[in-house]
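The values are calculated or read from the model by the stated rules, or taken from the named source; none is laboratory data. None of these values were measured; they are calculated from a predicted model. Positions of Cβ are generated from backbone atoms using ideal geometry, with glycine treated the same way; all protein chains shown enter the neighbour counts. Quick note on the areas: whole protein, heavy atoms, side chains included, nothing else; ligands and nucleic acids left out. Shrake-Rupley method; radii C 1.70, N 1.55, O 1.52, S 1.80 Å.
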Amino acid sequence: MEEAESSASIHCFYNRYYPTNNSEEEEEDEDRRTKSRKHAPILEKGEDRISTLPDSILLSILSFLPTRQAIRTGVLSKRWAYLWTSVPSLSFELENPHLSGYYHKHVAMDDFAREVDPMDDFARKVDPMDDFISAVDHTLLLHTAPKLTNFSVRFEYSPWRKADHLDRWVRFATTGKVSQLSLHLCERHISDIGLGRYELPQHLYANEFVSEFNFSYCKIFPNGLLHWSSLKHLCIGQSALCEDVIREVLMGSPRLESLELHDCWEFKRLDIVSESLRKLVIDSYAIYMLEGNVRELELEIVAPKIHSLEILGNFEMIKCRIKDVSALVEAKLDFDMRKSRNCYYEDDYRAYYYKEYYEEEEGYKEYQDIVRDILDSVHHVKKLTVGNWCLMIVSIMSVKHLPSPLPKCQCLTIVTSMEKWSLPGIGILLQSSPYVETLNIDFPLSFVWTPLAFLVSRYDEVDHWKSKEIYFKFLLRCLKFIKIKLFHFEGIHTKKFTFLVQFLLTDAKVLEKMVITNFLSVQNPTPNMLLKSLQGALMLLSFPRSSPHAVVMLPYRGGKIEHDLRT
């Protein structure tokens with residue numbers, strides 16, 4: 001009887017903090033179910049094939065679902081009622097209250113005590129965190145799996161309310177010998193930064209079972225020796241990391257293969273001496289957490305054993321230097337050093353802070369040296385990715401006739417918005433990469449900023465490219481495969497894109513295949529859209545090719561147009 005009441009309360013909690021009143025989504029689900037029934041095999045009346053599967057298979061299926069969805073399967077039949085309690089994977093997420101409609105603007109601005117009466121009924125209901133905590137606690141109370149493969153929580157953290165609950169949840173996970181542990185915490189908004197992060201409990205520093213550990217918005221203060229004997233993948237976000245802590249983590253994780261640092265700060269040198277580490281990712285440096293003048297701050301990376309390095313995100317006013325990456329095979333340089341200012345937005349329903357980036361021409365004189373040095377440091381890699389901002393710096397170097405790096409990569413990926421300023425950078429990268437066999441050109445998924453005015457106005461991109469044609473004469477002798485990812489197929493009509501494709505087809509003498517794909521496919525395209533896409537495809541297919549074996553593949557209404565020159 002007690003179990004039945006607990007189960008009912010869990011369903012009640014989940015229904016509150018995961019509301020399901022979206023009629024449009026329900027209608028879409030019903031349409032999909034109706035279509036699937038038309039093609040489903042005919043079953044005898046009352047036959048339930050899924051429930052006849054063994055528990056091990058059903059538990060494997062349920063482990064791919066968020067815990068809230070797995071619990072809801074308990075209404076299917078008596079056999080399913082408590083099947084979820086044995087699922088070895090648990091994941092809990094409280095969606096951003098700002099977006100879900102639960103959050104009042106005054107609460108979001110931390111004016112709750114001044115402008116909202118705590119005894120008011122509305123004030124007690126605006127924050128769904130109480131329901132979330134109760135649901136997680138009741139779920140763990142009923143859970144019976146002896147071993148956990150995954151335990152994950154994601155919510156906005158406030159130390160004065162949730163530290164004790166989170167301590168119990170982490171203890172539950174480690175007692176269950178969890179393999180993958182994720183603590184995705186975050187502050188309410190940018191004004192909460194530094195008010196208090198979750199301090200990892202001391203028992204967590206001596207763990208022999210966790211192989212993958214992801215956490216953010218946490219404090220790392222091991223009192224004794226750190227011992228993560230099984231850890232292979234570690235991802236840390238929004239946390240202060242000094243060099244000593246990083247050294248302890250590396251020394252206490254003898255099997256660590258991958259280390260990711262997202263929006264962390266405090267460290268000024270990464271001296272990676274681990275024999276096992278093969279991949280290092282540094283995504284943004286939290287400059288807003290530093291005090292005083294940081295214009296002279298340098299970040300040094302010394303990692304002679306790693307095979308893969310990714311430098312991503314924003315490094316505002318941080319000089320990044322790579323000292324030793326002699327074993328590096330793959331490098332991704334998709335970062336920027338733009339300056340930013342904090343901005344504030346408010347309307348009748350919400351209020352929050354956000355970052356606004358801006359450009360200064362003076363700063364680019366220093367950026368050129370930094371980007372050139374980084375490219376020189378990774379010139380020996382086989383796979384190289386150059387992001388949109390770095391490409392802009394390379395374009396400036398080309399326009400100003402500055403010396404360019406000479407990478408020896410065999411696979412080159414260029415992230416570009418294919419704007420007016422893109423071609424010089426693409427040209428200089430191709431000019432200095434004679435060994436490239438595979439070329440990938442990707443359009444960035446994020447918003448593309450406007451580059452410096454002088455870069456847009458002081459040259460004609462096609463004329464600039466043509467003025468260097470003599471240098472391209474003996475290029476692309478090894479290029480065999482080209483893959484271009486567009487936002488949508490309309491992009492093939494731009495002057496810059498058609499010029500680049502025509503150049504590649506004309507000069508790549510051993511080209512075997514060029515594939516153009518869409519990031520986004522248009523649902524139910526109009527006849528005019530189809531006609532325009534077909535005209536663009538025919539234009540590209542009409543370009544002459546120097547390789548007798550070249551095949552060009554293009555998207556068209558969900559399929560592909562393939563044109564083989566040999567036919």
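With R₀ fixed at 45 Å, the C-beta to C-beta distance from Ser60 to Gln502 puts the FRET efficiency at about 0.30. Once you have the alpha carbon radius of gyration of the range 389-438, what is it after dividing by 2.2 N^0.38 Å, with N set to its residue count? For the range 389-438, the normalised Cα radius of gyration comes out at 1.07.
Whole-Hz Karplus values for the range 267-282 come out as 5, 10, 8, 10, 9, 8, 9, 5, 7, 9, 5, 10, 10, 10, 10, 10 Hz, taken residue by residue from phi with 6.51 cos²θ - 1.76 cosθ + 1.60 and θ = phi - 60°; glycine and proline positions read x.
Close amide H pairs (under 5 Å, H built 1.01 Å from N) link Ser91 with Thr67, Ser152, residues at least 5 positions away or on another chain. For Glu199 and Ser326, FRET efficiency with R0 = 56 Å and r from the beta-carbon atoms, rounded to 0.05? Between Ser326 and Glu199 the formula returns 0.90. Model label points for Ala145 and Ile50, set 7 angstrom from Cα along the Cα-to-Cβ axis, are 1.8 nm apart.
Couplings 3J(HN,Hα) for the range 226-236, derived from phi with the Karplus relation 6.51 cos²θ - 1.76 cosθ + 1.60 (θ = phi - 60°), are 8, 9, 10, 5, 9, 5, 10, 10, 10, 10, 10 Hz, where x marks Gly and Pro.
Under a 5 Å amide H cut-off, with hydrogens placed 1.01 Å from N, Asn518 pairs with Leu486 among residues at least 5 apart or on other chains. Compared with the alpha-carbon gap, the fully stretched path from Lys365 to His549 is longer by 61.8 nm at 0.36 nm per residue.
Max-minus-min Cα coordinates of the range 224-289 on each principal axis give 34, 25, 17 Å, with the largest extent listed first.
Surface composition of the range 220-274: carbon and sulfur make up 54 percent of the accessible area, probe 1.4 Å. Here Glu208 and His165 are evaluated by their C-beta separation; at R0 = 25 Å the FRET efficiency comes out at 0.50. Note that the range 300-305 has calculated 3J(HN,Hα) couplings of 9, 10, 10, 8, x, 9 Hz, one per residue in order, obtained from phi through the Karplus relation 6.51 cos²θ - 1.76 cosθ + 1.60 (θ = phi - 60°); glycine and proline are x.
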